[in-house]
1. Look through Ala88, Ala99, Ala75 and report the one residue that is closer than 24 Å to His11 by Cβ and more than 9 Å from the chain's Cα centre (by Cα).
2. Filter region 13-39 for residues that are in contact (Cβ under 8 Å) with a residue 60 or more places away in the chain and of a type in the set (Ser, Thr, Tyr); which is farthest from Ala88 (Cα to Cα)?
3. Can you find even one residue in region 71-86 that is buried (at least 20 other Cβ atoms within 10 Å of the Cβ), assigned to a strand (DSSP E or B) and modelled with pLDDT of 95 or more?
4. Within region 89-102, how many residues are assigned to a strand (DSSP E or B), surrounded by fewer than 18 Cβ atoms within 10 Å (Cβ to Cβ) and not charged (D, E, K, R)?
5. Considering only region 101-145, state which residues are among the basic types (Lys, Arg) and touching a Gly at 6+ places or on another chain (Cβ under 9 Å).
6. Can you pull out the residues in region 17-42 that are within 13 Å of Ser74 (Cα to Cα) and assigned to a loop (DSSP other than H, G, I, E, B)?
7. Criterion first (without any contact (Cβ under 8 Å) to a residue 60 or more places away in the chain, among the basic types (Lys, Arg), surrounded by 14 or more Cβ atoms within 10 Å (Cβ to Cβ) and part of a loop (DSSP other than H, G, I, E, B)) does Arg126 satisfy it?
Amino acid sequence: MRRARRISARHSPVHGTGLFALQPLKSGERLIEYKGDVTSWRRAAARQRSEAGHTFVFGLSNGRVIDGCWGGNSARFLNHACEPNCEAIEVGDRVFIHAVTAIDPGEELFIDYGLVIDGEITDQMRAQYACHCGAPACRRSMIGGGVLPTQAE
């Protein structure tokens, strides 16, 4: 028996395309695997063709990345929010998205990108990675923790 779809990609009022719940989702439930080509940051950056503010590369703790533009699935459309309802759990070279709260049908799914920027974070970078989630505690940036000083990976 085929299981009914639980999530779907469609236009997001927050940014571009987003993922939305089609059914009630339980807190702690595994929703989707973030799929794509596991490669180096350098190779992913060299072939990145996304528009400004779109990030389809998911960094792994071993220094490699999952490039959702190559062999990826709809998980690449997860948008950032400062108060997310989902989290990413890394298992080896795989990443699974789990709900951290109960999610109602029609709600958009979000993770906190927590982007890390090498070197000085410029105003141009802040603008490129501006957050529009609208959360009460929005830090106005997809850059991790809203930290403004130089960060290293």
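The values are calculated or read from the model by the stated rules, or taken from the named source; none is laboratory data. Everything quoted here is computed from the prediction, not taken from an experiment. Don't worry about glycine lacking a Cβ; one is built from the backbone with ideal geometry, like all the others, and counts go over all protein chains shown.
1. Working: Ala88 fails: more than 9 Å from the chain's Cα centre (by Cα); Ala75 fails: more than 9 Å from the chain's Cα centre (by Cα).
Exactly one of Ala88, Ala99, Ala75 is closer than 24 Å to His11 by Cβ and more than 9 Å from the chain's Cα centre (by Cα), namely Ala99.
2. Among residues in region 13-39 that are in contact (Cβ under 8 Å) with a residue 60 or more places away in the chain and of a type in the set (Ser, Thr, Tyr), the one farthest from Ala88 (Cα to Cα) is Thr17.
3. Kept after step one, since they are buried (at least 20 other Cβ atoms within 10 Å of the Cβ), are these residues of region 71-86: 75-82, 84, 86.
Next, from what is left, pick out any that are assigned to a strand (DSSP E or B): 79-80, 86.
Okay, now just the ones that are also modelled with pLDDT of 95 or more, so 86.
Yes, there is a match, as at least one residue in region 71-86 is buried (at least 20 other Cβ atoms within 10 Å of the Cβ), assigned to a strand (DSSP E or B) and modelled with pLDDT of 95 or more.
4. Residues of region 89-102 assigned to a strand (DSSP E or B): 89-91, 94-99.
From what's left, surrounded by fewer than 18 Cβ atoms within 10 Å (Cβ to Cβ): 89-91, 94, 96, 98.
Among the residues that remain, those that are also not charged (D, E, K, R) are: 89, 91, 96, 98.
Counting residues in region 89-102 that are assigned to a strand (DSSP E or B), surrounded by fewer than 18 Cβ atoms within 10 Å (Cβ to Cβ) and not charged (D, E, K, R) gives 4.
5. Going residue by residue through region 101-145, those that are among the basic types (Lys, Arg) are 126, 139-140.
Matches in region 101-145: Arg139, Arg140.
6. Hits for region 17-42 are Lys35, Gly36.
7. Numbers: without any contact (Cβ under 8 Å) to a residue 60 or more places away in the chain: yes; among the basic types (Lys, Arg): yes; surrounded by 14 or more Cβ atoms within 10 Å (Cβ to Cβ): yes; part of a loop (DSSP other than H, G, I, E, B): no.
Considered against the rule, which asks whether it is without any contact (Cβ under 8 Å) to a residue 60 or more places away in the chain, among the basic types (Lys, Arg), surrounded by 14 or more Cβ atoms within 10 Å (Cβ to Cβ) and part of a loop (DSSP other than H, G, I, E, B), Arg126 comes out as no.
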